[in-house]
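The values are calculated or read from the model by the stated rules, or taken from the named source; none is laboratory data. Quantities reported herein were computed from a predicted structural model and do not represent experimental measurements. Every residue, glycine among them, receives a Cβ derived from its backbone with ideal geometry; neighbour counts consider all protein chains shown. Keep in mind that these areas ignore ligands, DNA and RNA; they rest on the heavy atoms of the full protein, side chains included. Shrake-Rupley method; radii C 1.70, N 1.55, O 1.52, S 1.80 Å.
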Amino acid sequence: MSGLRDILIARIRADGPMTLAEYMADCLMHPEHGYYATRDPLGAAGDFTTAPEISQMFGELLGLSLAQAWMDQGSPEGITLAECGPGRGTLMADVLRATRAVPGFHAAMRVHLVETSATLRAVQGATLGKSLGKSLGKSLGRDDITWHDHVDALPDAPLFLLANEFFDALPIRQLQREGGMWRERCVGLSGDALALGVSAPKPVAALAHRMEDTRDGDIVEICAGAQAMAGAIGARIGARGGAALIVDYGDWRSLGDTFQAVAGHEAADPLADPGGADLTAHVDFEALAQAAAPAKHSRLTPQGVFLERLGITARAQALAQGLEGAALDAHVAAHRRLTHPAEMGTVFKVLGLFPETAPPPPGLET
Ligand code: SAH
């Protein structure tokens, strides 16, 4: 019995079934029992591996794309370099190392991280303390990095932002169409066990536009948290300039049940072990792009295409020069894993946000 399961069962007995969003929020971020709140889930020994943990090339190329976007906008001073959900801090460390050679970029920036997990904030501080210290040629104090719980708290300044596998972790609701109304999928009880059920049908104004492209029984997912975050990011980029690179699995428009759990690198039942498995859903990039107005958005681009356009093959060949044996094999496999359509190259997609007055970040097009 997990501690969180007992808490959730007691709450459902008292208040009735909870939405998937409420369930997901507690499972991921409950301060005592939440999945992210209690552990570092990344890497071979954890539950899943992400692109920056696979190869340094991912962060290097994203960093250079952002730095070029900064130059395209006239190299403004006083910018925010931000990341949402930085995990172990690996992506930001690679970004900082790769952009060291860009004149004026480090002097113009302040690093801001959006992270709610105290455990992962500590890991990020340790990673970046080492690498940012090296890259800036000085030792790094806590003053050089500012952490926030939400993008709302980011400074009112030009914003250059990265988010890799962040939006998939934000809690979603699922609604199942029935005529002109929707039943909400909820977590309730079957005896003493958590079980999925549906609410009575109700109208959902936010889904009026989905009457055209859905049929009875179809499931649509909505993520209020993602829309709020994208709105705050887009407002800053639209008003002050900047760029965002949002990388995740998902599609232009959500359709169908994508709520999933992963534990020990395997798919799991999302209700089996509350707080013990990573819970995610596919990202609805259309909803993000719309919420980000007045910022403009790029075409949704497969990760493999994006990285190839940015020159990952040349970078991989340069890095391969210094490698042999097992290290070389691992490096070749990492390049393939990031870009090949049968691996992460097509499932993962990139959405760029940028101001009306600037071109999209390199690697993306309108
Ligand atoms: N970007 C990293 C980690 C992805 S895991 C990588 O690619 O390796 C998701 C990250 O988002 C974790 O750092 C998690 O703690 C953070 N996170 C999840 N939900 C969040 C929320 N609502 N607000 C802020 N951070 C969140």
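Descriptive notes on the structure:
- Candidate aspartates and glutamates - alpha carbon under 14 Å from residue 130, same-chain residues fewer than 8 apart omitted: 94, 144
- Principal-axis analysis of the Cα atoms of the chain puts helix 224-240 at an angle of about 30° to the longest axis.
- For the chain, the 222 nm mean residue ellipticity estimated from helices alone, with every DSSP H stretch of n ≥ 4 adding -39500 (n - 2.57) and the total spread over all residues, rounds to -11000 deg cm²/dmol.
- The stretch 153-295 - convex hull of the alpha-carbon atoms, volume per residue in Å³: 133
- Rounded FRET efficiency, nearest 0.05, which uses the C-beta distance separating residue 148 from residue 198 and R0 of 41 Å: 0.70
- Rounded to the nearest Hz, the phi-derived 3J(HN,Hα) couplings of the stretch 89-96 under the Karplus curve 6.51 cos²θ - 1.76 cosθ + 1.60 (θ = phi - 60°) are x, 5, 4, 5, 4, 5, 4, 5, where x marks glycine and proline.
- Carbon and sulfur %, accessible surface of the chain computed with the full protein complex present, 1.4 Å: 53
- In the calculated pair-distance distribution of the stretch 231-311, the portion above 20 angstrom amounts to 51 percent of the Cα-Cα pairs.
- Annotation: Cα Rg of the stretch 261-366 relative to the compact-globule expectation 2.2 N^0.38 Å equals 1.38.
- Computed over the chain: relative contact order in percent, which uses C-alpha pairs under 8 Å that are six or more apart: 20
- Of all the options 345, 74, 85, the one that moves most in a Gaussian network model of the chain with Cα springs shorter than 10 angstrom is 74.
- Amide H contacts of residue 146 (H built 1.01 Å from N, under 5 Å, at least 5 apart or other chain): 111, 112, 113
- Taking amide H positions as modeled 1.01 Å from N, with prolines and chain starts lacking one, the residues under 5 Å from residue 43 and 5 or more places away or on another chain are 48, 49, 50.
- Applying both filters, DSSP loop and at most 11 other Cβ atoms within 10 Å, to the GluC sites (Glu not before Pro) of the stretch 170-247 gives 212.
- log10 of Debye I(q)/I(0), alpha-carbon scatterers only, for the stretch 197-277 at 0.23 Å⁻¹: -1.21
- Amide H contacts under 5 Å for residue 350: 301, 303, restricted to partners 5 or more places along the chain or on a different chain, H placed in the peptide plane at 1.01 Å from N.
- Rounded to the nearest whole Hz, the Karplus-based 3J(HN,Hα) values (6.51 cos²θ - 1.76 cosθ + 1.60, θ = phi - 60°) of the stretch 36-41 follow the sequence 6, 5, 10, 7, 9, x, with x at glycine and proline.
- Within the listed set 208, 51, 224, the Gaussian network model of the chain (springs between alpha-carbon atoms below 10 Å) gives the highest mean-square fluctuation for 208.
- log10 of Debye I(q)/I(0), alpha-carbon scatterers only, for the chain at 0.09, 0.15 Å⁻¹: -0.52, -1.37
- Peptides 293-300, 314-321 ranked from most to least packed by the mean count of surrounding Cβ atoms within 10 Å: 293-300, 314-321.
- Bridge type composition, the chain - antiparallel percent by DSSP, nearest 5: 60
- Charge sum, other residues only, whose C-beta stays under 14 Å from residue 344's C-beta, Lys/Arg counted +1 and Asp/Glu -1: -3
- What the Cα convex hull of the stretch 18-140 gives, in volume per residue, is 125 Å³.
- Rounded accessible area per residue of the stretch 317-366, 1.4 Å, Å²: 54
- Estimated vicinal HN-Hα couplings, Hz - the stretch 67-84 in sequence order (Karplus 6.51, -1.76, 1.60; Gly, Pro = x): 5, 5, 4, 4, 5, 4, 9, x, 6, x, 7, x, 8, 9, 9, 10, 9, 9
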